[in-house]
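These notes concern the structure reproduced below.
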Amino acid sequence: MNDETNPDFKIMRDGTWHHDGAPIKREALAKLFSDRALSIDEQGLYWLKTPYEKYPVEVEDVPYVIIGYDGLNLRTNMNETIELNAQAQWELRGGIPYIEVRAGLFARIGRAPLYNMIEEFGEFIEVDGRKLPLGEV
């Protein structure tokens, strides 16, 4: 196990992954970590867990950024699709919408998609009778 006080892994606010202070250039490797190993514990600490090892991950904001959308389908920087529905875990943090990707891991809606969504939908996205705010009025 790694020294938990000095994380080797860091996820920047823009969603880029770093290892030992340098960006991970192989997108497939960052996606593998993201899809298979990343988790958050009850204390809000992030970890990369394999069957044999556990590494702390420093996360500047949240692990994912929404970089695009098509209707009610949001796309993350790791090319995951999140379908908006009435059960979506949606919250505003500092006036910016965040949505749960899975298992307590959230994505922040990026600036460009957010502005496009506001232009298309207005103040709220209505999904199955539930209004999801796109910001604070």
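The values are calculated or read from the model by the stated rules, or taken from the named source; none is laboratory data. Every value quoted in this text rests on a predicted model; they were computed, and no experiment measured them. Virtual Cβ from ideal backbone geometry, glycine too; neighbours counted across all protein chains shown.
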Next item on the list: Would you list the strands (runs of 3 or more DSSP E) that sit entirely within the stretch 28-137 and hold 1 or more residues that are under 20 Å from T16 (Cα atoms) and modelled with pLDDT of 95 or more?
Entry: 38-40, 46-49, 54-59, 64-70, 73-76, 81-83, 96-102, 105-109
Margin query: With the requirement that a residue be in contact with a Ser or Thr (Cβ under 9 Å, 6 or more places away or on another chain) and acidic (D, E), what does the stretch 64-92 give you?
Written below: D70, E80
Next item on the list: Would you point out the residue of the stretch 82-137, among those that are in contact with a Lys or Arg (Cβ under 7 Å, 6 or more places away or on another chain) and not aromatic (F, W, Y), that is surrounded by the most Cβ atoms within 10 Å (Cβ to Cβ)?
Entry: I96
Note to self: Of everything in the stretch 90-103, what is more than 16 Å from D61 (Cβ to Cβ) and without any contact (Cβ under 8 Å) to a residue 40 or more places away in the chain? Give them in sequence order.
What the structure shows: R102
Next item on the list: Take the stretch 97-137 and flag every residue that is touching a helix residue (DSSP H, G or I) at 6+ places or on another chain (Cβ under 8 Å) and among the small types (G, A, S).
Entry: G135
Notebook entry, point to check: How about the stretch 115-137: which of its residues are in contact (Cβ under 8 Å) with a residue 40 or more places away in the chain and of a type in the set (A, V, I, L, M, F, W, C)?
Noted result: M117, I125, V127, L132
Check: Of (1) on the phi > 0 side of the Ramachandran plot; (2) surrounded by fewer than 12 Cβ atoms within 10 Å (Cβ to Cβ), R26 satisfies all except one. Which?
Finding: (1)
Checklist line | Residue that is nearest to P63 (Cα to Cα) [pool: residues in the stretch 35-53 that are surrounded by 10 or more Cβ atoms within 10 Å (Cβ to Cβ) and among the aromatic types (F, W, Y)] | finding: Y46
